[in-house]
Amino acid sequence: MLFSTFIAYVGFQMLVPTLTAHIRQAGGSNLSASLTYSAAAIAALLSRSVFGSLMDRVGRQPVLLIGGAILVVTNLLLFAVSQIPSVCVLRFCQGVGWGMTSTALATIASDIVPPRRMGVGIGYFALSIVFATSLSVVVGAWLMNWAGFSAMLGCSTVLFAAALMVCLRFGASPFNRPDAARKPFVSLPARRFEPRAVLPAFLCFLHSVAFSGIITFIMLFGAESGIANVFMFFIGYVLMIVISRPLVGRIFDSKGHAVIIIPGIVAMIVELLLLSCSHSELLLVVSSLFYGLGFSMVQPSLQAWAVGRSPADRKGAANGIFMSSLDLGYASGAVLTGAIVLATSYAEMYCLSPILLVIFLAIYIAALKRERK
């Protein structure tokens, strides 16, 4: 399951920087290049909650099969399409396929993991995504520079097909929902959102808005601050996640989410404050370790909490709304942090970003007190 998730995310994420670069090389504008990314992101955001609920009715495999087929077909069509409007249409369709596939993968993972091991299981699932996202940029750029855009696109298509075959063969457990046939289809829109997953999803939205400022502007911040090797931030970030995640998952399963999430948010706040005043690679790496630790503690724990507090027959809807909050947070966060940068600077933007995490802490602690009462 982890392997199929890993190669699917590599196949999709390697398209993000390379497709925009290909459009720019072909004479397209920066706006045209950004539209190809936005089309896929918007489509994934709109489709996750819909198909998350649909999975709770018809099962995981049909949604995964159709979503994977859409990814493969749209990739093949990209070989023959060069006009910007056509590329945007294909990317929108691809975003729908990605929303279906990624939500199905997350839901299958939560089906496989026993409830008492949800923290560890979802933690490893999130770790495979972190690895894939970090590696995909390097692999995509290297393939495009070495063999061209077509070779990179072909590799992405093969990865989509391989992920689909591996997951359908080994990962997707049989779906047993005897009462699904008795539920009228018209009830589906009303069941699109799982209310028990709303709070973890909203908290995830807050911290992903803060994180979007890092992934969007870290290179420009490095140029502003005179830091040459900004890529070292992501190396420290990934290494800390790899080191800490297994222990964090076990603590989550034995002690609960509060002892994990609160220290994790504090670590993220420390990271952003350190990053805002970084003028050397040493301080940059130290800040990356704090953020890797915080991310390892918070994001998978929120997902495990969202799935764990939802009914067994609503895991698809819970995963759909949770992953939609990630998409929405990254998309809106890039706009919000960009507006702050225009009025201030990159360093000041990172100094102001912890306000969102303080709001996160206030809402989370209030929710804990209400649940205990």
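Below are the figures for this structure:
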{"item": "Cα convex hull of segment 304-355, projected area averaged across orientations, nm²", "result": "4.3"}
{"item": "Computed over the chain: relative contact order in percent, which uses C-alpha pairs under 8 Å that are six or more apart", "result": "26"}
{"item": "Cα-based Rg and Dmax for segment 60-121, where Dmax is the largest Cα-Cα distance (Å)", "result": "15.4, 51"}
{"item": "Residue-averaged 222 nm ellipticity for the chain, from DSSP H runs of 4+ at -39500 (n - 2.57), nearest 500", "result": "-28000 deg cm²/dmol"}
{"item": "Relative compactness, the chain, computed as alpha-carbon Rg over 2.2 N^0.38 Å", "result": "0.97"}
{"item": "Nearest-20 debye value, the chain charge dipole, Cβ charges on Lys, Arg, Asp, Glu", "result": "1380"}
{"item": "Unit charges at the beta carbon, dipole of the chain: most positive-side option, S102, P62, M152", "result": "P62"}
{"item": "Euclidean distance of C-alpha centroids, segment 341-365 and segment 264-284, integer Å", "result": "13"}
{"item": "Under-26-angstrom lysine pairs by C-alpha in the chain, whenever the two are 8 or more apart or on separate chains", "result": "5"}
{"item": "Among I23, I227, A258 - extreme Cα towards positive end, dipole of the chain, charges at beta-carbon", "result": "A258"}
{"item": "q = 0.12, 0.18 Å⁻¹, segment 195-372: log10 I(q)/I(0) [Debye, one scatterer per Cα]", "result": "-0.55, -1.15"}
{"item": "Rg and Dmax [Cα atoms of segment 2-172; Å; Rg one decimal, Dmax integer]", "result": "15.9, 54"}
{"item": "Relative contact order (percent, whole number), segment 1-133, Cα cutoff 8 Å, 6+ residue spacing", "result": "38"}
{"item": "For segment 250-332, projected area of the alpha-carbon convex hull averaged over all directions, nm²", "result": "6.5"}
{"item": "Förster radius 41 Å - calculated FRET efficiency between Q25 and L282, Cβ distance, rounded to 0.05", "result": "0.65"}
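Read-outs: derived from the displayed coordinates by stated rules, not from any lab. Given the structure is predicted, the values throughout are model-derived calculations rather than measurements. Reconstructed Cβ throughout: ideal geometry from the backbone, glycine too, with neighbour counts over all protein chains shown.
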